[in-house]
Amino acid sequence: MNQIDVVEAVAARLAELWPERMIYRDFCPAAFQRPSAFLYVRDAGYEDAALGLVEWSVEIELELFSATDAYSVASTEALRAEQAAVLERFPGPGLAVGDRHIMFSARADTPGPGTAAVTFFARWMDRRPGYTDPNTGEGGHDVPAMEHFAVRVTEQKG
């Protein structure tokens, strides 16, 4: 799993909320339509957790552009309502990404003139990129899953 998978999960949930709304990705054109949104990765990386394990983190920004009135002014109240709808759609603490659930949170700052933002934060543990397990010579793929282990506990009376 990588940051692209997380962004896709966020985009899919947003598309459920607003199926008719354009969600721009990678770039937002100068002549964008309203209402719409711009979804992009703001920051991504990982930190060491163990020899073959890292903790990934990603910060995703969603910029909201609401409809405007006859004077090309967007309602701050409408932007706050859109932020609230997004936050309610992502209740956390976990987000389903494929067959996994990752730690996830969201924050909405005060809307600015004509735009509002929601920032998403996600964290998950995964294998270190390029790691080779010294016991198997692989990336850890042929290590038995925990479901294949049996544990017996006995009590010794002394």
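Using modelled backbone amide H atoms (1.01 Å from N, in-plane), which distant-in-sequence or interchain residues come within less than 5 Å of Leu53's amide H?
Answer set, sorted by chain and number: Arg128.
Under the rule of -39500 (n - 2.57) per DSSP H run of 4 or more residues, summed and divided by the residues of the chain, what mean residue ellipticity at 222 nm is obtained, to the nearest 500 deg cm²/dmol?
So the helix-based figure for the chain works out to -6000 deg cm²/dmol.
Per the 1.4 Å probe, what fraction of the accessible area of the chain, in percent, lies on carbon and sulfur atoms?
Here it works out to 51 percent.
So if R0 is 35 Å, what FRET efficiency would Glu20 and Asp99 give, r being the distance between their Cβ atoms, rounded to the nearest 0.05?
0.75
Rounded to whole Å, give me the distance from the Cα center of the stretch 1-32 to that of the stretch 45-82.
10
Using a Gaussian network for the chain with springs between C-alpha atoms less than 10 Å apart, which of these wobbles most: Ala50, Ala12, Ala85?
For the chain, modelled as a Gaussian network with Cα springs under 10 Å, the answer is Ala50.
I'd like the Karplus ³J(HN,Hα) series for the stretch 63-80: coefficients 6.51, -1.76, 1.60, θ = phi - 60°, whole numbers in Hz, and an x wherever there's a Gly or Pro.
Values per residue, Gly and Pro as x: 9, 9, 10, 7, 5, 10, 8, 4, 9, 6, 10, 8, 6, 5, 5, 5, 5, 5 Hz.
Name the GluC sites (Glu not before Pro) in the stretch 1-77 that are in a loop by DSSP and that have at most 11 other C-beta atoms within 10 Å, would you?
In loop regions of the stretch 1-77 (DSSP not H, G, I, E or B), the sparsely surrounded GluC sites (Glu not before Pro) are Glu20.
Calculated from the structure, percent of Cα pairs over 30 Å apart equals which of [x] 14; [y] 34; [z] 22?
Correct label, based on the coordinates given: [y].
The values are calculated or read from the model by the stated rules, or taken from the named source; none is laboratory data. Since the structure is predicted, the reported quantities are computational estimates derived from the model, not experimental observations. Ideal geometry is used to build each Cβ from the backbone, glycine not excepted, and the neighbour counts take in all protein chains shown. Note: accessible area is taken over every heavy atom of the protein model, side chains too, but ligands, DNA and RNA are not part of it. Shrake-Rupley method; radii C 1.70, N 1.55, O 1.52, S 1.80 Å.
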